[in-house]
Amino acid sequence: MTIPDRISRKTRRRRHVITPLPSDRGSEQIHRNDTSRPTSDVTDVEENEATKTCICLNLPKLSKEQAQSELLEHIEAQCCYNKKVAKQLDICDVIMTSAWQYRLETVRESRVVVDEEEPYNGEKVDGPRRGQAPLNKWDIDVTVTSSNTAKKRIPHTSERRSCVSCQGNGTTTCGYCTGNGKLPCYNCHGSGHTSVHETYYEHSDSLNQQPRRVSRSETCHECGGSGNKICCNCHGRGRGNCGRCEGRGEVVAYKAVYVKHTTLRGNKTTNTNNLPLQLFQRCGGAIVHEEAGTTLTPLSSDTCLNIEMQIASEELLAKHTPDVRHRESTGRNDERIILQTHIVRLLPIYTIHYTHRGDKGAYWIVGMDKKMIVHAPGYPSNTCGCNIM
């Protein structure tokens with residue numbers, strides 16, 4: 001099943017407006033088609049452009065025992081922290097705040113039509129006589145592989161032609177020897193002779209006599225004195241098989257479409273209490289709003305009341321949209337959006353104040369459920385200066 005088929009099925013879903021969950025159920029849940037609830041709590045709304053799921057839920061509270069247990073679990077994974085200190089900390093209070101996070105993921109597809117050719121092997125040619133070629137490249141059904149790229153020959157665009165490189169002969173002049181069939185000998189450089197240098201002494205007393213150097217010429221043992229060697233590419237013929245048509249003299253010219261999928265990701269996190277942003281990329285949170293479709297619109301007050309999330313969605317959606325100016329100036333439509341998903345999450349931030357031997361300190365826990373991240377830059381008994389993150 002292709003991606004457009006999956007999108008068409010998604011866009012035919014219905015939106016469910018869910019009533020708030022009870023306060024004693026604080027976890028990341030999405031309820032769909034809950035038949036146990038009264039029919040008045042669930043309202044079906046037809047949605048043609050995107051699939052929307054809006055939920056309202058309460059963030060879980062963190063007790064002092066849980067805060068100390070999470071800190072101890074993270075310290076055990078460190079190499080330079082004293083584990084006994086975590087058990088000796090006196091937790092004073094746990095203050096919970098929340099951060100907002102907007103995530104957008106866009107899958108864009110680009111298509112480029114190019115002219116290609118390949119050697120003719122005697123097969124049937126799918127030319128215009130067999131039917132009309134597609135007028136729009138987006139109407140061609142292409143299955144993209146796991147590498148996010150694909151190539152497909154456009155139907156009814158093939159044409160049998162004579163090879164322009166060899167003029168239909170199947171052979172071309174050898175590029176190594178330029179048609180001579182021979183190459184200069186690499187040993188004598190085409191002279192046919194090599195020089196031999198000898199050094200000897202006129203008398204037996206070599207210590208008191210100056211050496212004498214004599215040079216003489218010999219016939220080259222590589223080419224036998226001819227100065228040339230047979231070309232190893234064409235074997236002396238001066239011509240070789242045409243590389244374009246592989247010696248067949250004919251090629252099949254056709255049009256092909258190249259397809260590539262590119263995934264763009266962006267996110268914006270606010271109200272972080274000046275904590276490092278990388279903490280919020282890996283932690284768990286409660287999904288406040290989720291929407292998927294081919295053409296998404298920025299968040300509004302009906303979907304999310306946080307103004308900063310509305311501004312972030314407007315900026316990121318505009319950034320992920322293909323350049324309209326380039327399309328209008330060139331007249332080419334080479335890229336389109338096939339799937340967009342944006343999610344608004346509410347991320348709990350727990351500030352834990354503690355005392356240790358009369359000194360006050362604090363550390364933070366970000367996230368919920370099984371994806372809670374501890375950040376303790378001022379943890380006591382740090383031996384090497386690194387932080388728990």
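Just add up the charged neighbours of THR172: K/R +1, D/E -1, any other residue whose Cβ is under 11 Å from the Cβ of THR172. Numbers along the way, then the final one.
On the way: positive: ARG239, ARG244; negative: none.
Neighbour charge sum, excluding THR172 itself: +2.
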The answer for GLY179, listing residues at least 5 apart or on another chain whose modeled amide H is closer than 5 Å to its amide H, is CYS174
SASA check, LEU316, accessible area w/ 1.4 Å probe, all protein chains in place, rounded to nearest 10 Å², comes out at 30 Å²
At the level of C-alpha centres, the distance separating the stretch 216-276 and the stretch 124-143, in angstrom, is 30 Å
Heavy-atom accessible area of HIS375, protein chains in place, probe 1.4 angstrom, given in Å² to nearest 10, is 20 Å²
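At a 1.4 Å probe radius, which order do MET96, MET372, MET309 fall into by accessible area, largest first?
Values: MET96 85, MET372 25, MET309 0 Å².
My answer, sorted largest first, is MET96, MET372, MET309.
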Descending accessible area (1.4 Å probe), largest on the left, turns SER217, SER165 into SER217, SER165
Phi-derived 3J(HN,Hα) across the stretch 169-179 with the Karplus relation (6.51, -1.76, 1.60, θ = phi - 60°), rounded Hz, x for Gly and Pro, is 7, x, 10, 9, 5, 4, x, 7, 9, 6, x
Under 5 Å from the placed amide H of ASP126, counting only residues 5+ away or on other chains, we find SER158
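For GLU291, GLU222, write out the residues from largest to smallest accessible area, computed with a 1.4 angstrom probe and no ligands counted.
GLU222, GLU291
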Kirkwood Rh over alpha-carbon pairs of the stretch 61-105 plugged into Stokes-Einstein at 10 °C, 1.306 mPa s gives a D in µm²/s of 125 µm²/s
Counting sequence-distant residues (5 or more places) and residues on other chains, those with an amide H built under 5 Å from that of GLY247 are CYS242
Sequence order, the stretch 58-72: Karplus ³J(HN,Hα) from phi using 6.51 cos²θ - 1.76 cosθ + 1.60, θ = phi - 60°, Hz rounded, Gly and Pro as x, gives 9, 7, x, 8, 10, 7, 5, 5, 5, 4, 6, 5, 5, 5, 5
SASA check, CYS188, accessible area w/ 1.4 Å probe, all protein chains in place, rounded to nearest 10 Å², comes out at 10 Å²
Karplus-derived 3J(HN,Hα) from phi for the stretch 218-229 (6.51 cos²θ - 1.76 cosθ + 1.60, θ = phi - 60°), whole Hz, x at Gly and Pro, runs 10, 6, 5, 7, 7, 10, x, x, 7, x, 10, 10
1/(1 + (r/R0)^6) with r = Cβ-Cβ of ASP369 and ASP115, R0 = 56 Å, i.e. FRET efficiency to nearest 0.05, evaluates to 0.55
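The values are calculated or read from the model by the stated rules, or taken from the named source; none is laboratory data. Here the structure is a predicted model, which is why all the values come from computation and not from measurement. All Cβ positions, even for glycine, are placed from backbone atoms using ideal geometry, and neighbour counts span all protein chains on display. Protein only, heavy atoms only, side chains kept; ligands, DNA and RNA dropped before computing areas. Shrake-Rupley method; radii C 1.70, N 1.55, O 1.52, S 1.80 Å.
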